[in-house]
Amino acid sequence: MGAGAGAEAARQVRDTFAELYGGAPQGVWAAPGRVNLIGEHTDYNDGFVMPFALPHVTTAALARRDDGVLRLHSADVPGGPVELRVEDLAPQSDTNWTAYPAGVVWALREAGHPVTGADVHLTSTVPSGAGLSSSAALEVVVALALNDLFGLGIEGRQLARLCQRAENVYVGAPTGIMDQTASACCTDGHALFLDTRDLAQRQIPFDLAREGLRLLVVDTRVQHAHSDGEYGKRRAGCEKGAALLGVDALRDVAYAGLDAALARLGDEAEVRRLVRHIVTENERVERVVSLLESAGPRAIGPVLTEGHASLRDDFRISCPELDLAVDTALSSGALGARMTGGGFGGSAIVLAEESDVPSLTEAIEAAFATAGHTAPRVFEAVPSAGARRIA
Ligand code: ADP
Ligand code: MG
């Protein structure tokens, strides 16, 4: 399936909606997946992140209902529409995919918005479980559509907050605010510099093609599991670090004061490593912003690679497939490479000269074959638009 959300995609979604529900939808909306350029695991430490939107989108056709019925269908899941009642929605009552869109309806209603039901049909080109945030794309597209159909007047950042609440409370997955904000707020040709403490945003021009560069995503096809214990352990370790250092969040530990902070943590070896990653990662995000504004995208390669080493050695969330993708890219001429997303699988990103893309791709595929790993999916990531109505 192509990555675009053009007129043809919108027509197909409308047709399928009509077949499923026996009438035309009231509109079609699209919300993208995202890649995080830099700023990993900083979002639950009140820190900085820098995602950009992918051309890959989740597309939704919807019609509102006023009888309390919510019908949900995804082209990517076998079976007909699932029917729920909005009054019955309750956190962690659903372990299926429907918890994501139902959670959005629940979060909107909890916040006092009169959402009285809908018919929903979805389809997606965002790879699921690849660390590219198919879950946020799904939440945001449904939230944006309901916002329009019920005239709720909620702006992007607030919509992202409600989607995060749907994922944290209703689905029960403890994620930060980055993914939903990226899907809701990114713009074409830019990366989003986001301060997760106050949600202050700056769109930073990130036009790779003009510089003769490409950013490759290497989806290792290794499935991560956010809700497994590892994410929670890192999060708890960061909270412990903040408590031991007497700050609200690790964001408050200045890079200039890092050595002193680490010394205060004494023999808490694991907490020291986690703190060092978060504090240096926030500094890397700021460095990438200033390099993009002063020197252009070619200059950020080494910072991406430093970020990978920190995630591998200090935060310890890489895996053999991610390390192989990064190491092979770097030894084949990439300007920089790092794992991206939550870790333990998912995707790596590779910054490269356009002319090196074919040989780099081949080298990565060959290395995976030699190591006996499942063949990775390698594709180009062009910084694209955030969520919008498309028909
Ligand atoms: P990621 O967000 O990195 O892709 P998650 O585990 O957070 O991975 O979310 C993936 C889950 O989101 C899937 O297992 C599925 O439940 C749900 N999901 C995402 N996209 C779709 C879709 N198009 N149709 C149905 N469910 C989807
Ligand atoms: Mg997700």
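The values are calculated or read from the model by the stated rules, or taken from the named source; none is laboratory data. Quick caveat, the model's predicted, so the values are computed rather than measured. When we count neighbours, we look across all protein chains shown, and the Cβ atoms used for this are built from the backbone with ideal geometry, even at glycine. Keep in mind that these areas ignore ligands, DNA and RNA; they rest on the heavy atoms of the full protein, side chains included. Shrake-Rupley method; radii C 1.70, N 1.55, O 1.52, S 1.80 Å.
In table form, for the structure just shown:
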item	result
Criterion (away from ligand 2 (no atom under 13 Å from the Cβ), out of contact with any helix residue (DSSP H, G or I) (no Cβ under 8 Å at 6 or more places or on another chain) and at negative phi) met by exactly one of 196, 187	187
Among the residues listed as 341, 336, the single one being under 30 Å from residue 237 (Cα atoms), within 16 Å of ligand 2 (Cβ to nearest atom) and out of contact with any Lys or Arg (no Cβ under 7 Å at 6 or more places or on another chain)	341
Test: residue in segment 156-169 that is more than 17 Å from residue 39 (Cβ to Cβ), within 11 Å of ligand 1 (Cβ to nearest atom) and touching a helix residue (DSSP H, G or I) at 6+ places or on another chain (Cβ under 9 Å)	yes
Residue selected from segment 163-179 under the condition more than 12 Å from ligand 2 (Cβ to nearest atom) and open to solvent by less than 20 Å² (accessible area, probe 1.4 Å), by the criterion nearest to residue 136 (Cα to Cα)	177
Segment 350-385 - residue that is hydroxyl-bearing (Ser, Thr, Tyr) and more than 25 Å from the chain's Cα centre (by Cα) and, of those, least open to solvent (accessible area, probe 1.4 Å)	359
Pairs where the first residue, in segment 126-139, is aromatic (Phe, Trp, Tyr) and the second is more than 9 Å from ligand 2 (Cβ to nearest atom), C-beta under 6 Å, 6+ apart	none
Residue ID - farthest from ligand 2 (Cβ to nearest atom), chosen from residues in segment 94-120 that are open to solvent by 10 Å² or more (accessible area, probe 1.4 Å) and of a type in the set (A, V, I, L, M, F, W, C)	111
Tally, over segment 121-133, of residues that are surrounded by fewer than 24 Cβ atoms within 10 Å (Cβ to Cβ), at pLDDT 95 or above and either within 6 Å of ligand 1 (Cβ to nearest atom) or farther than 16 Å from residue 55 by Cβ (or both)	1
Single unsatisfied condition, residue 317 versus (1) buried (at least 19 other Cβ atoms within 10 Å of the Cβ); (2) hydrophobic (A, V, I, L, M, F, W, C); (3) in a helix (DSSP H, G or I)	(3)
Considering residues of segment 67-93 that are touching a helix residue (DSSP H, G or I) at 6+ places or on another chain (Cβ under 7 Å) and under 25 Å from residue 127 (Cβ atoms) only, the residue least open to solvent (accessible area, probe 1.4 Å)	72
Some residue of segment 57-77 being in contact (Cβ under 8 Å) with a residue 40 or more places away in the chain, in contact with a Pro (Cβ under 7 Å, 6 or more places away or on another chain) and under 23 Å from residue 217 (Cβ atoms)	yes
Filter result for the condition that a residue is touching a strand residue (DSSP E or B) at 6+ places or on another chain (Cβ under 6 Å), basic (Lys, Arg) and crowded, with 19+ Cβ neighbours inside 10 Å, over 64, 34	34
Residue selected from segment 140-153 under the condition in contact (Cβ under 8 Å) with a residue 60 or more places away in the chain and away from ligand 2 (no atom under 16 Å from the Cβ), by the criterion surrounded by the most Cβ atoms within 10 Å (Cβ to Cβ)	145
Where a residue in segment 237-258 is part of a helix (DSSP H, G or I) and its partner, wherever it lies, is of a type in the set (S, T, N, Q) and open to solvent by less than 80 Å² (accessible area, probe 1.4 Å), with Cβ under 6 Å and at least six apart	238/45; 250/45; 251/45
Subset of segment 196-211 (residues that are part of a strand (DSSP E or B) and open to solvent by 30 Å² or more (accessible area, probe 1.4 Å))	200, 201, 202, 203, 205
Subset of segment 180-195 (residues that are part of a helix (DSSP H, G or I) and either open to solvent by 10 Å² or more (accessible area, probe 1.4 Å) or among the β-branched types (Val, Ile, Thr) (or both))	181, 184, 185
Identity of the residue in segment 281-314, among the β-branched types (Val, Ile, Thr) and more than 12 Å from residue 40 (Cα to Cα), that ends up most open to solvent (accessible area, probe 1.4 Å)	305
Residue among 272, 214 that is in a helix (DSSP H, G or I), away from ligand 2 (no atom under 16 Å from the Cβ) and open to solvent by 30 Å² or more (accessible area, probe 1.4 Å)	272
The one condition in (1) in a helix (DSSP H, G or I); (2) at pLDDT below 95 that residue 176 fails to fulfil	(1)
In segment 217-244, residue farthest from ligand 2 (Cβ to nearest atom) [restricted to those that are more than 19 Å from residue 127 (Cβ to Cβ) and open to solvent by 70 Å² or more (accessible area, probe 1.4 Å)]	244
